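Written below as structure tokens is the structure these notes are about.
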Amino acid sequence: MRPEILFPLYASIDHLQGIGPEITKTLKRLGMKRVVDMIWHLPSGIAHFPLKQSLTGCRAGDSVACVVTIIAYEIPHKSQRQPFKIVCELENGDILIITYFKAYAHTIEKRLPVGEKRLVCGTLDRYLGLWQMPHPERVAPAEVAGYWQEKTPLYPLTAGLLQYQAQKFIHGALKRAPDLPEWIPPSFYKADWPSWRTALEKAHTPQQDRDLQPRHPARERLAFDELLADQLALGLVRRFHHRGKSIVSKGLLKEKILKGFGHALTPGQIQALKEIEADLALPKRMVRLLQGDVGSGKTLVALLAMVHGIEAGFQTALLVPTEILAAQHAQTLTKLCEGTGIEVALLTSRQKKKATLYEDLANGKITLVVGTHALLQDAVQFSNLGLAVIDEQHRFGVEQRLNLMNKGEAVDLLVMTATPIPRTLRLTAYGDLEVSRISDKPLGRKPIQTHVMGLNRLEEVCSGLKRQLDQGHKIYWVCPLVEESETLDLAAAKERYVHLTALFGEKKVGLVYGKQKNEEKESTMAAFKDGPCQILVATTVIEVGIDVKTANIMVIEHAERFGLAQLHQLRGRVGRGEEEAHCLLLYGFALSPIGKRRLEVMRETQDGFRIAEEDLILRGGGDVLGTKQSGLPSYRLADPLTVGPLLEKAHEAAQSLLERDPQLVSPEGKSARLLLSLFGQEEVIHTLVSG
């Protein structure tokens with residue numbers, strides 16, 4: 001149950017004055033659904049516009065804010081290259097001419113109607129003895145002057161949201177923030193940190209550029225609160241899921257699978273499997289991360305762990321992020337399990353007639369199921385789930401992992417990633433956990449030849465591809481990431497698809513993208529894998545886990561727009577067969593130093609662990625690793641790449657508190673519960689209450 005003191009913050013945003021249905025939709029694009037989301041939306045800049053009652057004493061170039069009455073318009077003739085002029089008057093009678101070039105009359109009339117008052121902010125100019133303000137930076141209702149500050153915060157915006165609106169709404173949200181008891185343990189509290197309420201106010205009223213920096217006391221304190229809430233939640237989950245069961249088998253099924261596989265495991269795979277089986281044998285719950293570079297054989301290790309559980313009498317589940325990957329894993333595992341008596345089931349949200357599948361999971365008939373988010377639905381019940389494996393772990397949040405683990409008693413968890421994650425960043429996803437690392441690749445796997453070329457050589461590339469097609473080779477062509485927009489990604493992919501179809505013919509070229517109908521996607525993938533399609537044009541939907549052994553060429557268009565981790569993932573889609581593979585990184589011009597360095601690193605190395613380290617260095621504190629490209633949690637107030645020591649401190653504070661008060665029932669513990677509720681960790685508190 002959420003504490004009553006937080007009710008005002010967890011009200012929907014339309015409870016704030018001035019927010020109607022249209023603005024609600026706009027704000028949701030910024031992730032703002034509740035009032036609390038608005039107080040976490042911190043300024044990214046400062047505007048300095050002193051409020052003037054008179055223009056006396058002002059000079060050209062001064063930035064000012066003033067309330068004006070709109071007197072008249074001077075609309076230029078269409079043939080004249082003159083600005084649209086709005087004649088305005090200040091309360092003392094001073095005249096100010098607002099000018100717009102290339103303005104539409106109906107837009108002006110709507111924003112600055114004659115006879116009404118408006119607050120305008122901008123830079124003054126002097127022309128023919130009159131004060132002018134060319135293209136005001138902001139136009140707001142006159143009443144905004146009532147709470148105007150000379151230095152005002154500038155907030156990140158989205159289309160349809162104006163700066164004065166963001167300021168007004170966030171100002172209203174802050175009024176709802178209550179004074180809350182302190183939850184940071186005294187031994188971890190820094191002397192210059194303000195209280196939570198004061199920190200919020202200071203973070204939203206920056207006066208100098210240094211007030212916007214992550215290490216400013218107010219911002220640092222708020223970041224620590226967020227990290228502490230996260231570490232408390234992870235710590236509670238680990239403690240309440242500590243008790244486990246011992247899973248031991250004779251290894252008969254494992255031997256059958258390895259005999260059918262026909263290749264020896266690599267030393268890295270042997271060691272990882274040894275560590276996983278040792279963990280499973282202990283009477284405590286396993287939470288282990290399996291790190292392995294692209295193509296290192298993580299899936300086989302996971303399967304051997306699952307058949308170990310099946311032989312011990314348990315059911316197992318493999319959770320993956322996409323339907324393509326689920327279907328592919330199910331096909332691969334079915335082939336590997338031939339002769340073992342294990343039937344591999346597939347569950348996706350688009351499947352029809354799931355009733356029999358649900359029944360067979362509930363009665364224990366199915367012992368290995370591969371599925372997407374559909375596995376997390378309430379309708380999915382297991383008879384005796386013992387081991388859950390999550391592939392591409394970064395696509396799933398804490399609550400989703402909890403959901404899957406709660407579908408059985410003391411379920412062990414193995415999570416897999418192709419992106420090496422340093423300890424500091426692992427803490428953000430799991431708290432402390434054991435790590436197995438596969439650092440080698442299967443014997444005989446040839447290195448991928450990586451070539452970096454300018455897009456001005458596109459015609460030359462296409463000519464070279466024709467020779468490869470004539471030899472029967474298969475080719476991936478990945479289109480650029482454009483502002484993380486599915487619509488724009490798709491437009492770019494379709495354009496390239498049309499171009500390549502014109503060159504090579506419709507049968508030889510296919511197109512796949514994220515929101516494509518499942519049937520179309522599967523049909524195109526099947527044609528690429530085993531049919532006449534030889535070039536697969538795609539958005540980054542093929543980044544994760546697609547395995548076509550006959551594909552040995554990867555073309556990545558505008559490679560400079562991708563992160564290193566993602567480029568490495570994409571390159572790993574080729575070179576899985578016996579043929580030598582090639583990756584062509586095509587770059588656009590006006591290449592930034594960081595973009596250039598990324599391409600150099602890709603050409604220099606195929607070591608995923610080195611690439612991950614370089615990725616961290618290149619990203620610095622700007623781009624929070626993980627939203628899309630490398631899979632770490634995204635925070636509202638803390639950047640995991642710049643607050644390593646702060647994160648370690650939050651981890652220590654959480655562990656210290658939970659050791660003293662594991663049920664969070666002391667006054668200090670109750671404050672910590674309030675912190676968890678403040679950051680939306682209701683599921684964890686529910687677990688704590690229900691035990």
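Where a number appears in this text, it was derived from the coordinates with a stated rule and is not lab data. Everything numeric in this text was worked out from a predicted model, so none of it was measured. Please note: Cβ atoms are built from the backbone with ideal geometry, for glycine as well, and neighbour counts cover all protein chains shown.
See the values below:
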{"quantity": "Selected from PRO214, PRO181, PHE504, residue furthest toward positive end of dipole (the chain; charges at beta carbon)", "calculated": "PHE504"}
{"quantity": "Positive-end residue, the chain charge dipole about Cα centroid, Cβ charges, pick of ILE108, LEU51, THR322", "calculated": "THR322"}
{"quantity": "Loop trypsin sites (Lys or Arg not before Pro), the stretch 512-590 (other Cβ atoms within 10 Å of the site Cβ: 15 or fewer; DSSP)", "calculated": "LYS515, LYS517, LYS549"}
{"quantity": "Residue-count net charge about THR266 - beta-carbon cut-off 13 Å; Lys, Arg +1, Asp, Glu -1", "calculated": "+3"}
{"quantity": "Where only C-alpha atoms are counted, convex hull volume of the stretch 449-605 per residue in Å³", "calculated": "105"}
{"quantity": "Set LYS284/LYS649; LYS78/LYS102; LYS446/LYS508; LYS254/LYS441; LYS28/LYS102; LYS515/LYS549 screened for pairs whose C-alpha atoms are more than 22 Å apart", "calculated": "LYS284/LYS649; LYS446/LYS508; LYS28/LYS102; LYS515/LYS549"}
{"quantity": "Span from the the stretch 9-40 Cα centroid across to the the stretch 547-573 one, whole angstrom", "calculated": "39"}
{"quantity": "Sequence of GLU323, GLU255, GLU22 once ranked by neighbouring C-beta atoms within 10 Å, starting from the fewest", "calculated": "GLU22, GLU255, GLU323"}
{"quantity": "Peptide ranges 101-113, 23-35 listed from the most packed, as the mean C-beta count within 10 angstrom indicates", "calculated": "23-35, 101-113"}
{"quantity": "Where GluC sites (Glu not before Pro) fall in DSSP loop in the stretch 508-586, at most 13 other Cβ within 10 Å", "calculated": "GLU578, GLU580"}
{"quantity": "Gyration tensor verdict on the chain (Cα atoms; rounded if a/c is under 1.5, prolate if a/b is larger than b/c, oblate otherwise)", "calculated": "oblate"}
{"quantity": "Trypsin sites (Lys or Arg not before Pro) within the stretch 324-407, DSSP loop, no more than 12 other Cβ atoms inside 10 Å", "calculated": "ARG350, LYS352, LYS353"}
